[in-house]
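Heads up, the thing below is written out as structure tokens.
The values are calculated or read from the model by the stated rules, or taken from the named source; none is laboratory data. Since this is a predicted model, take the numbers as computed values, not measurements. Ideal geometry is used to build each Cβ from the backbone, glycine not excepted, and the neighbour counts take in all protein chains shown.
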């Protein structure tokens, strides 16, 4: 496979230069090797539209990334940077634009610094949550990381994709908790943001905004550069954890959400809350982290607020003391809530009321809906009354909605679409997904992230003033990546030469 | 006065079109009117280098801003948007590039929404802290705003300039606490960011990041567009406030700062702490906001941590209950700490140990230094040992350093330079300021914001990899403002046609 519009000779030369830059054992283009870069959850699996990479190159240092990008820019080779490629359900290691060369950063796996005096880390893209956790445990450092469900994922990759974890606010918003970046541009230049732009500064991981326009946001869910280092703020290990559960009847959800909003906006609840139920009633679990006496007072305050809701019952579980680094985590806890990466609750399936379906995969439709009980009910009823229509009258195994309250101030109504290895089944799912995106957008609901195959579709819904935001992003894209070689099409942003195609 | 490179005829035509767009009474170009747009704290006051505006235009709506920008873009008129123009010590209403037309947004002073169920506001640029406070009080809404010292400033202007206030984390980082923007581009297009890009969405002020690359950061301390609306997350009114003060001897500052870092990173302390002293010892005031029983437990926990420092004494002041909207604030409190905008502690002078100097003004040198006691001492000693040299052996009235811990994770070492209306005195101050910027940068210390006259100087210090960050910003600037008409030179970013001049 050769990228579209690139001559066989140029592609061969580019691969040769890649080999010279990174070592020939780190450039892959055999069919066998390229199988590893396929997206196991692709809704186009085995069909002509499946997004496939033409080759892969794995540099070990920022300098090697620069060399690779200079070559790619010269030959206009489309590149697709990945960190560890574990972004399952959102495209995995496969590119958005078929024929791209995967820039695989898994070998850049150094933890460059963990500072315990102001609780931060500086890492490379290949560092997984397991890697960072192990580094911290081995050195007995008393800070926590915030792992998402899949512990094998990249700390940087997860943050850049807009992912989140399961410990306390504000650390579980992974992009929001970052501080400082190093970026290699499409032309192979190195940029450091924030205080990293000041030579000799020791405050790169201490001050987020720096001086002047803040460019970091441009590298979120995007294709404006290759992030080769990123700083993160860490949480000092909390003394203890406590959790309570408020339960209300069917109509109590309005007051339940209003109370949740109040307590979170007051920062009395800081853990990742979980909303469950519907039908017979609703339950809300509220974890709180901090010093034992403080969280005791916080839970009591939260209880008083919830118990003021008519018909609300509130139960709590015993307080759990956390364990120092190097010791086993407390018995019986959900590990990700205690900063321990693992794979046991990897899929969203494992965490929800859905049935597991190990033979296939799932993709999620995750729209942001207003965080009010009335809107939640409206969304649920809308889903139910449209399910048959979007499914073409069949039972396609679409399931939901599950409501997620883990994002600050936001409510996500998650619907799961099964993906299989059967083209006909996948076709039906694609039709249903597309229909749902359109229906939801009419109601003012749209996703904050999307699987690679649907990134354009979702981008199209953010259409205010004739797609003014996308046009602005396209201008920026063309300016910072003039040959349009990085991650073409990612999150709906295409470079000039591919825009009209 | 006519902008450089613009013909008299074109300028007259542009002003005529401005008058047609906004009404002739809202276009100003008389000498008398333009006096009001001078920077009272300019270090070039009355000298040829003082930055002066050629005219001013004050639109009342987004549509009028669009019309004005289209005209300006056609005639290539340099524009300088201001919100209320009260950004004293950082340029006030005066442009960075002389001859610019001030785009004065003071008439856009509508509070568009205050939502109490998820505690947010949507405002226009002319809304001052007083305006927003009054809106909330009149309607008896139970949310707080976070005012900075000068209550007459613009909520949007302060946030865009990287300003902060005096209540609780995370609300006092004004740029960080925003959610969603509306921007008019140089060419007069309207862009909405985040969920605002989704027509019909009611979640514009609920989800910060939206979908795809986050562009909001580009409009911080910058010149990439004209912000015409901005959302902010508000704090639900806290039940109570408590404060303690830890005191240590001269060498105790290392443990004092480490303990502060720990407690803030644990989010046990959420108020804006104040560090004082030096010489005989150090004191740290730690305010905490929240439910009475919770902050009682938080203060006790903080006390135990501080008292573990050898030689540390800890005192607290009685808890203060906050008052509901519409009632008088508690007696005897510092109003900005209770969400009440005012002008009584307007200047930094009023808040510090410095002598007031009402005859003149001051500009601050506010570098970010690493948040460790050793670095604080190093900075203080460096200042002392270089003061005579940077002052040319004279006493210029330079004062400092005062250490500010109000920014999350950061430490600012503030030095104040007096500004007068005397050119010779100002010349000496400029020399001293420039010398200090250079000396500090060698140590890895540089400012997070700067007065208009020194924005280039400070920008030059962020020079990593041959000014790679600035080059990236320049590329973006040229892409989003092709004629380079918005706020040329702001924070060191110049448009192409003025870059080499």
Condition met for residue A:413 (within 23 Å of the chain's Cα centre (by Cα) and closer than 18 Å to residue A:162 by Cβ): yes
(message) Among the residues that make up segment B:396-405, is at least one of them touching a helix residue (DSSP H, G or I) at 6+ places or on another chain (Cβ under 8 Å), more than 8 Å from chain A (Cβ to nearest Cβ) and part of a helix (DSSP H, G or I)?
(response) no
Review point. Do we have residue A:162 as within 7 Å of chain B (Cβ to nearest Cβ) and within 16 Å of the chain's Cα centre (by Cα) here?
Key: yes
If you go through B:291, B:329, B:287, the only one that is in contact with a helix residue (DSSP H, G or I) (Cβ under 7 Å, 6 or more places away or on another chain), under 24 Å from residue B:117 (Cα atoms) and either away from every other protein chain (no Cβ under 14 Å) or surrounded by fewer than 21 Cβ atoms within 10 Å (Cβ to Cβ) (or both) is B:329
Counting only residues in segment A:163-203 that are in contact (Cβ under 8 Å) with a residue 60 or more places away in the chain and in contact with a helix residue (DSSP H, G or I) (Cβ under 6 Å, 6 or more places away or on another chain), the one nearest to residue A:147 (Cα to Cα) is identified as A:166
When residue A:187 is run through (1) surrounded by fewer than 23 Cβ atoms within 10 Å (Cβ to Cβ); (2) modelled with pLDDT of 95 or more; (3) at positive phi, the failure sits at (3)
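Being more than 14 Å from chain A (Cβ to nearest Cβ) and either within 19 Å of residue B:382 (Cα to Cα) or touching a residue at least 60 places away in the same chain (Cβ under 8 Å) (or both) is the filter here; which residues of segment B:421-446 pass it?
At the first step, the residues of segment B:421-446 found to be more than 14 Å from chain A (Cβ to nearest Cβ) are B:421-436.
Across segment B:421-446, the qualifying residues are B:421, B:423, B:426, B:429, B:430, B:431, B:432, B:433, B:434, B:435, B:436.
Scan the strands (runs of 3 or more DSSP E) fully inside segment B:25-139 and keep the ones with 2 or more residues being buried (at least 21 other Cβ atoms within 10 Å of the Cβ).
Details: elements: B:55-57, B:79-82, B:101-104, B:111-115, B:120-123.
Once the strands (runs of 3 or more DSSP E) in segment B:25-139 are filtered for at least 2 residues that are buried (at least 21 other Cβ atoms within 10 Å of the Cβ), what remains is B:55-57, B:79-82, B:101-104, B:120-123.
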When residue A:147 is run through (1) within 11 Å of another protein chain (Cβ to nearest Cβ); (2) in contact with a helix residue (DSSP H, G or I) (Cβ under 8 Å, 6 or more places away or on another chain), the failure sits at (1)
Among (1) crowded, with 17+ Cβ neighbours inside 10 Å; (2) assigned to a loop (DSSP other than H, G, I, E, B), residue B:387 falls short only on (2)
Of the conditions (1) farther than 23 Å from residue B:207 by Cα; (2) away from chain B (no Cβ under 13 Å); (3) in a helix (DSSP H, G or I), the single one that residue A:418 does not satisfy is (3)
Every listed condition ((1) within 11 Å of chain B (Cβ to nearest Cβ); (2) at pLDDT 95 or above) holds for residue A:109 save (1)
Of the residues in segment A:174-197, those that are assigned to a strand (DSSP E or B) and either over 28 Å from residue A:242 (Cα atoms) or at the interface with chain B (Cβ under 8 Å from one of its Cβ atoms) (or both) come to A:179, A:180, A:181, A:182, A:183, A:184, A:190, A:191, A:192
Within segment B:456-497, residues being at the interface with chain A (Cβ under 7 Å from one of its Cβ atoms) and closer than 20 Å to residue A:471 by Cα number 7
Of (1) in contact with a helix residue (DSSP H, G or I) (Cβ under 6 Å, 6 or more places away or on another chain); (2) part of a loop (DSSP other than H, G, I, E, B); (3) more than 7 Å from chain A (Cβ to nearest Cβ), residue B:212 fails just (3)
Among A:328, A:408, the single one that is more than 29 Å from residue A:38 (Cα to Cα) and either over 24 Å from the mean Cα position of the chain (by Cα) or modelled with pLDDT under 95 (or both) is A:328
Out of (1) closer than 19 Å to residue B:44 by Cβ; (2) modelled with pLDDT of 95 or more; (3) buried (at least 19 other Cβ atoms within 10 Å of the Cβ), the one residue B:423 does not meet is (3)
Filtering segment B:421-456 down to residues that are in a loop (DSSP other than H, G, I, E, B) and either within 20 Å of residue B:38 (Cβ to Cβ) or more than 21 Å from the chain's Cα centre (by Cα) (or both) yields B:421, B:422, B:443, B:444, B:450, B:451
Selection from segment B:294-311 of residues out of contact with any helix residue (DSSP H, G or I) (no Cβ under 8 Å at 6 or more places or on another chain) and crowded, with 24+ Cβ neighbours inside 10 Å yields B:295
